[in-house]
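Student: What follows is a single structure, and I will ask about it in a moment.
Just so it is clear, none of the values below were taken in a lab; they were calculated from the coordinates. A quick note: this is a predicted structure, and the numbers were derived from the prediction, not measured. Every residue, glycine as well, gets a Cβ built from its backbone with ideal geometry; the counts of neighbours run over all protein chains shown.
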Amino acid sequence: MFFAPLRELFFRNLQGPGAPESDLARMIQVEHLVKTFRKTLAVDDISFHVRRGEVFALLGPNGSGKTTTMKTLVGLNLPTSGRVTIGGLDMATLPETVRRFISYLPQRVVFPGQLTAREVVAFHARLRGLDPSKVESVLERVRLLEAADKPVEEFSGGMIQRLGLGIVLLPDAPVLLLDEPTASLDPQGVKRFREFMLEQKEQGKTIVFSTHLLNEVDQLADRAAIFVGGRIVAEESVENLRRAYSNTQTLEDLYLHYVSEFEQDRRSC
Amino acid sequence: MVLEIARQELTIALRNRWTLIIALIFGVLLVSISYVGMLSEGFSGVQTFTRTTSSIMNLVLYLVPLFGLIAGTVAFTGDRGSTELLYAQPLSRSTVAFGKILGVQASIAVSTFGGFLCGAVVIAVGNGVSGIGRYAAMVGFALLLSQIFVGISFCISVIAHRTSKAFGIALGAWFFFVLLYDLLAIGLGLVLRGSSVNMAIFLSLFGNPVDIVRVATLLLLENASSFGVAGAALQRFLGGSEVSVLVLVLSLFVWVAMPIILALRALRRQDL
Amino acid sequence: MNRLCPWIEVDTSRETFRHDRNDARSSFGPVLALCGMLFASPAPAQRLQALIDAAPERSVLRVPAGIWDGNIELRKKLSIVGDQGTVIRGSGQGSTVTILADSCRLEGCIVERSGGMLAQEDAGILVKSSGNVLVNNELRDVLFGVYLFASHDNIIDSNRIRGRKELELGARGSGMHLWNSRGNSLKGNRVEDVRDGIYMQYANRTMIEGNDISGVRYGLHYMYADSNVFVGNVFRKNVAGAAVMYSRDIVIRRNMFIHNRGFASYGILFQDCHGITADSNIVADNVVGLFFEASSDNVFRHNIIAQNDVALTMFQNAERNVFTENTFVDNLSPITVIGRSTSTRWSEGTQGNFWSSYDGYDLDQDGIGDVPARIQNVFQYLEGQVPNLRLFLYSPAAQALSRATSAFPVLDMSKEFDRYPLMRPFDNRLLMQAYAATEARTKSEAVQQRPSLPVLSGLVVAFGVVTLLPFRFIKRRKMN
């Protein structure tokens, strides 16, 4: 009862973004995306868009449909219904072309343990048809030059994550899709990652990342969509989010409220 | 791009020690079979090669499918994360998958070759090179069979996402193709009796690559006589002795291609 | 001495028939050599028939080396003795040599170029009389070799017969063809490249000994012929070893039926044969070792039946055959029964057979296995029911079925048991020695390919390159 006005506020924002933006400004557009795995509904009719040069966060607890959405964005999952366009191109019809503009970092990055970091990067450079000289610079940027000739199986989790970032950086793609990029990083790594994100943002990249940590959204994102149970319960600029949660105690309270409310809904159904 | 991915996959497989282990197992078994085969000449010297052939053939029939399935399952489901990264590159799914398949096929071909090489050396030193054509035919069949089962393992990896599940299905497939299928076919032959039985038995051979390899090897290396009347009937059914071997070999190629084509089609509509 | 031909020796005494050819050469050698040069070198050939006509009855006609034109007919009792290189060349029509008079002798000649009509019995030597002796001749380029046509008590000894290899098997004649002929003796002949090595029809009381027959369709094709004895013959590398049909009371001893590997082929086929005694034979490396149809009351003892694809194939109508003290070694299947079961006795008294597949034990050390030997496994039993199931030969399923038989005796539907299986094979050492000698001969005849060093090393290099080439990828680790 207490939260009812707040919710109304969010819904209004969600439905009325003001003047319609041009398609070009909308780098990523997701319309009525539904994804079911066998009988479970993973993503239930979500729509959102990401503007060019924007950092967009998918915020939600585990199993709320963030990763499914992310995979659908990159074409690993095929939507049950709905549409994904990136840069105005339809993912369903031109997946290869679309992926040319995308760098994707999976939730769990794994590399063949028998290869060295350099081999991995060089391989991806060849796949993208890039200049081999980029391999060295990328390795340097993710601070793996010294370990470049060690097999990946000897790498720590953080090093593997950095190698993953290296692969993401390699093609200099305008759109970065990062699935839980900080999940396996130590605090220092998280700090470095933030610097990296801001740097990319400054270069005008469009970045979508998923997380279950509010403070990451707070610090990095321009806008965020809150995922609960496969639905977007709120799509809001971080400014608005801040304003909203100043009414409550913390952003965390706000977020937890959505989660618990959704679960109550589900139970009562 | 396909070749790029294939080369990467081959490198991984070669460093993975699976290739080496498989080649070693093959080599040791082949060398011992060839050696024992030469020792057993003691009794009479009759049919030495035939006995060796059939022993090697048994080895091929049991182990090659198993190794093909294991190597394939390891490679296709081993590290999903890296596969995801690959599929997220600006390449079509078929390109990525086909590259991976080619790489694994190359690696299993290498280990099969390596194993047979050891056997070839022992036989050539002991018995001379007169039988080398037949031996080469055997190697060829082993290679085809391994490629077929790499393809089947790819099918399995498409069906089963998790590694453990894929291994389970792979073992089941091995059991099915190596043993169960023939038992069922034999049972079918007994149930049908009558006139349709011959047709049913002949056709049933084509449903199982292991059977095709077995029959083709025996037809080619020992001519149809060891099958007695059944062999003659089969050859007539397939249209002559040369044609029948040709038909069997062609059907093997179909078996190489078919699982891959089916799996690639399924992959197009799949979540990764 | 005859004035026309001084080298024709006229001798009415029977002794001459038996005298050694070497003796003849030592006394007549120089003369014969001279005549040979005279006749053989400038003149292309001469008619032998003229000499035969001129020779008196019961004389010995020594024919010097050279090519003599045939055909010839022997219408009177005569001995023709060739020198080394005496060639009787036929006209290419009819039989090269036809013997019509009794008690003739043909020795040491090369007989060639018979006619080509199967229906006319065109043979190297066609015999229509009795009591003749054919020794040490070589027959080549002939349709039939020796054809005995209602011809009795002949001796055919140590001849070498080669048919027309260029013809299809079915278009050739037999090596030794016996029709309606009794009491003949075929000894130590060597037959190759004909249709049937020995063909016998209505030929009783024949002694067949020490012949070597290879590379033909049926080594022995045999019907309606009783009371014959086969000893020490070798039938090897034929499409089929021997087909014995509609006959009784035959003794088959110390013969070898080996490497007969044609389609649906066999070492020996018995069709409607009764009262056969076969002992100490070797039946090895045939598609089917012994094949029985409607053949009953035969006894097999001390035979070695080894390394056949199927050792025995028996129709249900083959009854009361006895197998005792035989050695069954390394046959792919010991027996295929067509029908449910046979009334075969797998032992006599307390002596069964040795089965290399027997996995029983002998606790009381009496040389007899304590557990009956199961002769068929399930797969082999089923194969008898549906013959095409043999296509699953060697398949893991078939192997599993045979294993399953020993693990679960319930599965055992076969009624073929040897209750007294021997723990060790019957010691047939002489037979094994003869066999080893024959095998050595077979091997030396075959063209042997020795491993040449260049081929061997080339092979190793080729295989090595293919195998090792991909491993260069491994080195990339430190490069770049």
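Student: Past 20 Å, Cα to Cα: identify those pairs from C:K76/C:K128; A:K39/B:K100; C:K165/C:K237; A:K150/A:K201, in the order given. It would help to have the intermediate numbers written out before the result.
Tutor: On the way: C:K76/C:K128 12 Å; A:K39/B:K100 31 Å; C:K165/C:K237 15 Å; A:K150/A:K201 31 Å.
Those over the limit are A:K39/B:K100; A:K150/A:K201.
Student: Rank the residues C:E168, C:E445 as a footprinting-exposure proxy: fewest other Cβ atoms within 10 Å of their Cβ go first.
Tutor: C:E168, C:E445
Student: By average Cβ neighbour count within 10 Å, what is the ranking of C:50-57, C:127-134, C:246-253, B:197-204 from highest down?
Tutor: C:127-134, C:246-253, B:197-204, C:50-57
Student: What are the trypsin sites (Lys or Arg not before Pro) within segment C:320-374 that DSSP puts in a loop, where the Cβ has at most 16 other Cβ atoms within 10 Å?
Tutor: C:R320, C:R340
Student: For n ≥ 4 DSSP H runs only, could you compute -39500 (n - 2.57) per run for chain B, divide by its residues and tell me the 222 nm figure to the nearest 500?
Tutor: For chain B, the value works out to -28000 deg cm²/dmol.
Student: Additional query: Quick check on the exposure proxy: order C:E73, A:E216 from fewest to most C-beta atoms within 10 angstrom.
Tutor: C:E73, A:E216
Student: In whole angstrom, how far apart do the alpha carbon centroids of segment C:138-161 and segment A:51-66 sit?
Tutor: Each part's Cα centre sits 101 Å from the other's.
Student: Compare the peptides A:33-41, B:98-106, C:110-118 by average per-residue count of other Cβ atoms within 10 angstrom and give them in order, highest first.
Tutor: Ranking the peptides A:33-41, B:98-106, C:110-118 by packing returns B:98-106, C:110-118, A:33-41.
Student: As an exercise, use a Förster radius of 25 Å and the Cβ-Cβ distance of C:D153 and C:Y202 to find the FRET efficiency, rounded to the nearest 0.05.
Tutor: Efficiency for this residue pair is about 0.95.
Student: In whole Å, what is the distance between the alpha-carbon centres of segment C:278-328 and segment C:242-273?
Tutor: 9 Å
Student: Next question, about the same structure. Let me know the mean shielding of A:74-83 by other chains, meaning the per-residue number of their Cβ atoms within 10 Å of its Cβ.
Tutor: 3
Student: Between B:Q270 and A:N62, what's the calculated FRET efficiency when r is the beta-carbon distance and R0 is 30 Å? Round to 0.05.
Tutor: E between B:Q270 and A:N62, to the nearest 0.05, is 0.80.
Student: Over segment B:2-268, calculate the relative contact order: mean separation of alpha carbon pairs under 8 Å at least 6 apart, over the residue count, as a percent.
Tutor: Relative contact order for segment B:2-268 comes out at 26 percent.
Student: Work through the residues other than C:D122 whose Cβ is under 12 Å from its Cβ and net out their charges, Lys, Arg +1 and Asp, Glu -1.
Tutor: Once positives and negatives cancel, what remains is +1.
Student: What ranking do B:68-77, A:143-152 get when scored by the average of other Cβ atoms within 10 Å per residue, highest first?
Tutor: Result, highest mean Cβ count within 10 Å first: B:68-77, A:143-152.
Student: How charged is the neighbourhood of A:P171? Take every other residue with its Cβ under 14 Å from the Cβ of A:P171, and add Lys/Arg as +1 and Asp/Glu as -1.
Tutor: +4
Student: If I take R0 = 56 Å and measure r between the Cβ atoms of B:S164 and C:R345 in this structure, what FRET efficiency does the formula 1/(1 + (r/R0)^6) give, to the nearest 0.05?
Tutor: E between B:S164 and C:R345, to the nearest 0.05, is 0.45.
Student: Right, something else. Just to be sure I understand the rule: take each whole DSSP H helix in chain B, project its Cα atoms onto its long axis, keep it if the span is 24 Å or more and its mean Kyte-Doolittle hydropathy is at least 1.6. Which ones pass?
Tutor: Span-like helices here: B:18-39, B:132-159, B:241-268.
Student: Provide a whole-number value for the mean count of partner chain Cβ atoms within 10 Å of the Cβ atoms in peptide A:120-131.
Tutor: 3
Student: Hey, got the average number of other protein chain Cβ atoms within 10 angstrom for residues in C:396-404?
Tutor: Taking all residues of C:396-404 together, the mean is 5.
Student: Follow-up. Compute the separation of the alpha-carbon centres of segment A:91-150 and segment B:49-109 and state it in Å as a whole number.
Tutor: 24 Å
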